[in-house]
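Undergrad: Before anything else, here's the structure in question.
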Amino acid sequence: MTIALQYCHITVNDVDEALAFYRDALGLDVRNDVGSGGSRWVTLGFPGLQVPELVLSDPHAGRSQADGDAVQELLTKGVLSMVVFRTDDLEATFDRVQASGAEVLQEPIDQPWGVRDCAFRDPSGNMVRISQQPKA
């Protein structure tokens, strides 16, 4: 038996604005773009990999009005879960994302748990960390 992560959902205020970050700054590929009932889901993947995929959607996508409002409030506060990416060249990735205009939360530093990482906020305020494993 095998098991693998298929999708990871990221809630965003504006899907088009988020695409400029996840597609253009981070280099992910758009796999699917679906609208339904006034909401939109965009699936992005990593070049050369089938899974996992990230799904960008607004707070009300697939939720009741009350639940969507509650998720919107959490998104506005910046308290939704972060996403962590891994790269083989942190400095180049940092420079590319910074050049996109993303808010820098932390420049690249060596962490006590062994990785070198940096942090940004996506256009909706979600924390995005990018790490690089130590070179062997």
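Undergrad: So which residues in the range 38-55 are among the hydroxyl-bearing types (S, T, Y) and over 16 Å from the mean Cα position of the chain (by Cα)?
TA: The one that is among the hydroxyl-bearing types (S, T, Y) and over 16 Å from the mean Cα position of the chain (by Cα): S39.
Undergrad: Hey, Q6 hits all of (1) out of contact with any His (no Cβ under 6 Å at 6 or more places or on another chain); (2) without any contact (Cβ under 8 Å) to a residue 60 or more places away in the chain; (3) within 25 Å of E103 (Cα to Cα); (4) not aromatic (F, W, Y) but one; which does it fall short on?
TA: Of the numbered conditions (1) out of contact with any His (no Cβ under 6 Å at 6 or more places or on another chain); (2) without any contact (Cβ under 8 Å) to a residue 60 or more places away in the chain; (3) within 25 Å of E103 (Cα to Cα); (4) not aromatic (F, W, Y), the odd one out for Q6 is (3).
Undergrad: Return the pairs, sorted by first residue and then second, in which the second residue is outside any strand (DSSP E or B) and surrounded by 13 or more Cβ atoms within 10 Å (Cβ to Cβ), the first residue lies in the range 25-40 and is touching a residue at least 40 places away in the same chain (Cβ under 8 Å), the beta carbons are less than 7 Å apart, and the residues are 6+ apart or on different chains.
TA: A25/R96; A25/V97; A25/S100; A25/A102; L26/V97
Undergrad: Considering (1) out of contact with any His (no Cβ under 6 Å at 6 or more places or on another chain); (2) without any contact (Cβ under 8 Å) to a residue 12 or more places away in the chain; (3) surrounded by 13 or more Cβ atoms within 10 Å (Cβ to Cβ), say which one M1 fails and leave the rest.
TA: It is condition (3) that M1 fails.
Undergrad: Go through the range 24-64 and give me each residue that's over 24 Å from I3 (Cβ atoms), in a strand (DSSP E or B) and of a type in the set (K, R).
TA: R40
Undergrad: Do you know which of the residues in the range 86-118 that are touching a helix residue (DSSP H, G or I) at 6+ places or on another chain (Cβ under 8 Å) and assigned to a strand (DSSP E or B) is surrounded by the fewest Cβ atoms within 10 Å (Cβ to Cβ)?
TA: If we take residues in the range 86-118 being touching a helix residue (DSSP H, G or I) at 6+ places or on another chain (Cβ under 8 Å) and assigned to a strand (DSSP E or B), then E107 is surrounded by the fewest Cβ atoms within 10 Å (Cβ to Cβ).
Rundown of residues vs (1) under 14 Å from H9 (Cα atoms); (2) at pLDDT below 95, yes/no style:
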| position | (1), (2) |
| --- | --- |
| F21 | no, no |
| P47 | no, yes |
| L56 | yes, no |
| S64 | no, yes |
| L74 | no, yes |
| F94 | no, no |
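Undergrad: Considering only the range 56-100, how many residues are under 14 Å from the mean Cα position of the chain (by Cα) and basic (K, R)?
TA: So the count comes out to 1.
Undergrad: Let me ask something else. With the structure loaded, tell me whether V128 is touching a Lys or Arg at 6+ places or on another chain (Cβ under 8 Å), modelled with pLDDT of 95 or more and assigned to a strand (DSSP E or B) or whether it fails that test.
TA: So V128 fits the description; yes.
Undergrad: Search the range 41-70 for residues being touching an Asp or Glu at 6+ places or on another chain (Cβ under 9 Å) and touching a residue at least 40 places away in the same chain (Cβ under 8 Å), and hand back the single one that is farthest from D16 (Cα to Cα).
TA: P59
The values are calculated or read from the model by the stated rules, or taken from the named source; none is laboratory data. Note that this is a predicted model, so its numbers are computed, not measured. Don't worry about glycine lacking a Cβ; one is built from the backbone with ideal geometry, like all the others, and counts go over all protein chains shown.
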